[in-house]
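Just so it is clear, none of the values below were taken in a lab; they were calculated from the coordinates. Because the structure is a prediction, the values reported are computed rather than measured. Here Cβ is always computed from backbone atoms with ideal geometry, including for glycine, and neighbour counts include all displayed protein chains.
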Amino acid sequence: MRVPPRPPLSGLKRQLDRSREDQGMRLPRDGFLRETFALPRTDARAKAREWFDRWPKQAYWTEIESWSELPGDVIEFTMRRLPTAD
């Protein structure tokens with residue numbers, strides 16, 4: 001039994017490249033706005049507090065999505081929130 005040849009992937013590659021270029025211009029599919037920071041520990045706490053004060057968790061679902069500790073007591077973290085409150 002003969003196996004058919006694989007289809008060319010150039011069209012798929014172009015479509016993925018185009019989609020990735022456009023992604024920077026739109027909201028992610030889940031609707032959250034995200035911003036990543038890398039700050040010393042005390043500044044990281046202040047920045048997170050600033051986000052929670054400016055966009056309250058109850059209205060904007062603000063949260064620290066992920067965080068990690070880098071060398072030199074630097075914290076890298078991603079904050080996320082909804083763009084508007086209802």
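Some values worked out for this structure:
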quantity: Residues (surrounded by 12 or more Cβ atoms within 10 Å (Cβ to Cβ) and either out of contact with any helix residue (DSSP H, G or I) (no Cβ under 6 Å at 6 or more places or on another chain) or part of a loop (DSSP other than H, G, I, E, B) (or both)) located in the range 67-76; calculated: TRP67, GLU69, VAL74, GLU76
quantity: Number of positions in the range 33-86 that are touching a Leu at 6+ places or on another chain (Cβ under 9 Å) and either on the phi > 0 side of the Ramachandran plot or among the hydroxyl-bearing types (Ser, Thr, Tyr) (or both); calculated: 3
quantity: Residue pairs meeting the criteria (Cβ under 7 Å; at least 6 apart or on separate chains; first among the small types (Gly, Ala, Ser), in the range 68-79; second in a strand (DSSP E or B)); calculated: SER68/GLU76
